[in-house]
Amino acid sequence: MIADQPTLEGTLERWAEAPVGGWHRVLLKLSGEAFAGGGGLGVDPDTVHDIARQVADVVSTGTEVALVIGGGNYFRGAQLHERGMDRGRADYMGMLGTVMNCLALQDFLDKQGIDTRVQTAIPMSQIAEPYVPRRAVRHMEKGRVVIFGAGLGAPYFSTDTCAAQRALEVGAQVVLMAKGVDGVYDSDPRTNPDALRFDQLAYSEVLARGLKVADATAISLCADNDLPIVVFNLLVTGNIARAVAGERIGTLIAKAD
């Protein structure tokens, strides 16, 4: 079941906040779990190849693309902490997992003929550039895909928050949040067949309802800076291009009038 008219505090601006022809510069947030395919852990080459092909299709249209990838297919700092590990050390392990995902995607993008740069918040000079916002912007202006790794380089911050922060720093117009479901629901659609999907939401309602689309810090950061978020299903081939084009897919999270 899909909610036709979710309750909002006000009327959201039209879905087509995207400029005519689509977004020009985007930050694509990918979950680490997506890289594992159906395996749960590690990297599934077929899945990453498909993601790289979709990103390459978008880049070929002239769209400037940056990415943040989670590391949940290797480590989750919060879960390791629950089992007794020091939270800071566990989070750093998670950051290293994101870098492995960055390198995997970079390799598959290279095979698609797409020039890429990996920039990490933790210095790793043999495999990546240090994170420098102006350098990242320059790469994007030259048509290169920039992949941000190691989160924000500090524990206690999620890759969702990193995605919002990096999007703001490089001047992205939108955060495209690719998930394993087709939008934001009022409960988990994988366990509740009656879960209602929202077509659009205000930032404040996401926070008030405690919806598990992203952590509160990421949502608040986007809200404070009027940075829209589109949550959509990564598992449908072509959805990345549709989201970039501003098509009405998934759930739009934006300010209310």
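The values are calculated or read from the model by the stated rules, or taken from the named source; none is laboratory data. As the structure is a prediction and not an experimental result, all values here were calculated from the model. Cβ coordinates were reconstructed from backbone atoms using ideal geometry, including for glycine residues, and neighbour counts include every protein chain displayed. The accessibility values were calculated without ligands, DNA or RNA, using every heavy atom of the protein model including side chains. Shrake-Rupley method; radii C 1.70, N 1.55, O 1.52, S 1.80 Å.
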Of the conditions (1) in a loop (DSSP other than H, G, I, E, B); (2) open to solvent by 40 Å² or more (accessible area, probe 1.4 Å); (3) touching a residue at least 40 places away in the same chain (Cβ under 8 Å), Leu96 clears all except one; give me its number. (1)
Given the conditions (1) in a loop (DSSP other than H, G, I, E, B); (2) under 18 Å from Thr63 (Cα atoms), report the number of the one that Ile147 does not fulfil. (1)
Given (1) closer than 24 Å to Gly71 by Cβ; (2) free of Cβ contacts under 8 Å to residues at least 60 places away in the same chain, index of the condition Gly180 fails: (2)
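Give the residue, chosen from Thr237, Thr251, that is over 30 Å from Val132 (Cα atoms), in contact with a Lys or Arg (Cβ under 8 Å, 6 or more places away or on another chain), touching a residue at least 24 places away in the same chain (Cβ under 8 Å) and polar (S, T, N, Q).
Thr251
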Some residue of segment 44-63 being open to solvent by 20 Å² or more (accessible area, probe 1.4 Å), in contact with a His (Cβ under 9 Å, 6 or more places away or on another chain) and either more than 14 Å from Lys111 (Cβ to Cβ) or aliphatic (A, V, I, L, M) (or both): yes
Meets criteria (of a type outside the set (D, E, K, R) and out of contact with any strand residue (DSSP E or B) (no Cβ under 9 Å at 6 or more places or on another chain)) for Pro193: yes
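For the structure I just gave you, tell me whether Tyr74 is in contact with an Asp or Glu (Cβ under 7 Å, 6 or more places away or on another chain), open to solvent by 10 Å² or more (accessible area, probe 1.4 Å) and in a loop (DSSP other than H, G, I, E, B). Spell out the reasoning first.
Values: in contact with an Asp or Glu (Cβ under 7 Å, 6 or more places away or on another chain): no; open to solvent by 10 Å² or more (accessible area, probe 1.4 Å): yes; in a loop (DSSP other than H, G, I, E, B): yes.
No; evaluated as a whole, the condition is false for this residue.
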Just one listed residue, out of Arg134, Arg83, Arg89, is over 17 Å from the mean Cα position of the chain (by Cα), charged (D, E, K, R) and within 20 Å of Gln165 (Cβ to Cβ), and it is Arg134
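Looking only at segment 205-257, filter to residues that are part of a strand (DSSP E or B) and of a type in the set (S, T, N, Q); which one of those is modelled with the lowest pLDDT? Please lay out each step first, then the result.
Initially, segment 205-257 is screened for residues part of a strand (DSSP E or B), giving 229-233, 251-254, 256.
Right, trim to of a type in the set (S, T, N, Q) and you get 233, 251.
Details: Asn233: 93, Thr251: 97.
It comes out as Asn233.
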Out of (1) in a helix (DSSP H, G or I); (2) surrounded by fewer than 21 Cβ atoms within 10 Å (Cβ to Cβ), the one Met85 does not meet is (1)
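Does any residue of segment 34-43 turn out to be part of a loop (DSSP other than H, G, I, E, B), under 12 Å from Leu105 (Cβ atoms) and open to solvent by 40 Å² or more (accessible area, probe 1.4 Å)? Give the steps one after another, and end with the answer.
So the first thing to find is which residues in segment 34-43 are part of a loop (DSSP other than H, G, I, E, B), and the list is 36-43.
Now narrow it down to the ones that are under 12 Å from Leu105 (Cβ atoms): 43.
If we keep only those that are open to solvent by 40 Å² or more (accessible area, probe 1.4 Å) too, we end up with 43.
Scanning segment 34-43, I find at least one residue that is part of a loop (DSSP other than H, G, I, E, B), under 12 Å from Leu105 (Cβ atoms) and open to solvent by 40 Å² or more (accessible area, probe 1.4 Å), so the answer is yes.
For segment 150-192, which positions are charged (D, E, K, R) and open to solvent by less than 20 Å² (accessible area, probe 1.4 Å)?
Within segment 150-192, just Arg166 meets the criteria.
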Can you spot a residue in segment 115-123 that is in a helix (DSSP H, G or I) and surrounded by 22 or more Cβ atoms within 10 Å (Cβ to Cβ)? no
